Amino acid sequence: MGTTIPSAQPTIVPFPAMSCRKPPRTPSFLSVLTQPTFVTINEDDLNLNLKINTRNNTTATTSKSTVVYHDSLIESIAIDYISKAFQETSGLRNEKSGYDGFVAVSSAVFREFDPTQQRQIVDKTLEKAIPGFMLIMIRNLMPESKFTREFFAVFTTVFFRWLVGPSEVRESEFEGKKERNVVHIQKCRFLEQANCIGMCTNLCKIPTQEFIKKNFGTPVNMVPNFDDMSCEIIFGQDPPAQEDDPAFKRPCYKLCNVKKRHSASCSK
């Protein structure tokens, strides 16, 4: 008979339980349909220096973005589409992709053309981007009304996050009655990345107001807040004349990315 040698008992060292399972992957078709993810970064961690000088009504800000955008596939396609349409209309090309490419061509248009030409280029770009039959159909089927104003507000909030950033529908008083006809943009993506008041007024505010009024028959007033970079889009409200519009009385940011000067000349 052989001798039985007792086996040594293993020493068990406890470790925190860890899961090696990977989280389930979201099917590709669902990831396309999901809303984009917006990651807000603490401004203190970025050492963002935002100072408002109330004496001369000027704003100084850095060009660091406080929101990281993760555009979905559909949103990336929309950004590239409008960027290429803008480049074709203006004749100004750049090699950048995504939202950076869109802002780059916007900056080039702002530098190379006067304000009237800038607005005409934006108008032609929008007409090129949106099929003509759709403009006619919307104008005929949706004359100005409470339903139309509130529909435009919801549509803007849902489908234009990729362009202006997160927004929400808010209520206002219209002809003595309450309506949800206002879009409040928390922090405009275009203004934050362009960091130029003139690009906001000449490439966004004025041409958008004119395009919607001309093609849809609904007046709209865009009211940017250049201190916190928020904006309100008020459907059904006529905008003030340019000489009376507060947006055109503000000097540009001290760190303007385009003209690099602290004056109201960016808007004019």
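The values are calculated or read from the model by the stated rules, or taken from the named source; none is laboratory data. Values in this document were obtained by computation on a predicted structure and should not be read as measured data. Virtual Cβ from ideal backbone geometry, glycine too; neighbours counted across all protein chains shown. Note: areas computed on protein heavy atoms with side chains; ligands, DNA, RNA excluded. Shrake-Rupley method; radii C 1.70, N 1.55, O 1.52, S 1.80 Å.
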I'd like the accessible area for LEU141, computed on protein heavy atoms only with a 1.4 Å probe and all protein chains in place. Round to 10 Å², please. 130 Å²
Using Cα pairs under 8 angstrom and six or more residues apart, how large is the relative contact order of the stretch 88-201, in percent? 20 percent
If I model a spin label at ASN94 and LYS124 as a point 7 Å from the Cα along the Cα→Cβ vector, what separation in nanometres do I get? 2.0 nm
Just by accessible area at a 1.4 angstrom probe, what is the order of GLU112, GLU144, GLU175 from largest to smallest? GLU175, GLU112, GLU144
Keeping all protein chains in the complex and leaving out DNA, RNA and ligands, what accessible area do you get for ASP245 with a 1.4 Å probe, in Å² to the nearest 10? 10 Å²
Rounded to the nearest 10 Å², what accessible area does MET142 have for a 1.4 Å probe in the complete protein model? 30 Å²
Explain nothing, just compute: Karplus ³J(HN,Hα) = 6.51 cos²θ - 1.76 cosθ + 1.60, θ = phi - 60°, for every residue of the stretch 90-106 in order, whole Hz, x for Gly and Pro. 7, x, 10, 10, 8, 9, 6, 10, x, 5, 4, x, 5, 5, 5, 5, 5
So for THR208, THR218, what's the accessible-area order with a 1.4 Å probe, most first? THR208, THR218
Distance (nanometres) between label positions extended 7 Å along Cα→Cβ at SER145 and ARG111: 4.9 nm
Positive-end residue, the stretch 143-204 charge dipole about Cα centroid, Cβ charges, pick of PHE147, PHE174, CYS188: CYS188
Give me the accessible area per residue for the stretch 83-127, probe 1.4 Å, as a whole number in Å². 51 Å²
Would you kindly state how much longer the chain becomes between TYR81 and LEU135 on full extension, computed as 0.36 nm times their sequence separation minus their alpha carbon distance, in nm to one decimal? 17.6 nm
Quick query: amide H of GLY236 versus all other amide H atoms, modeled in the peptide plane; which residues come in under 5 Å with a sequence gap of 5 or more or a different chain? VAL220, ASN221
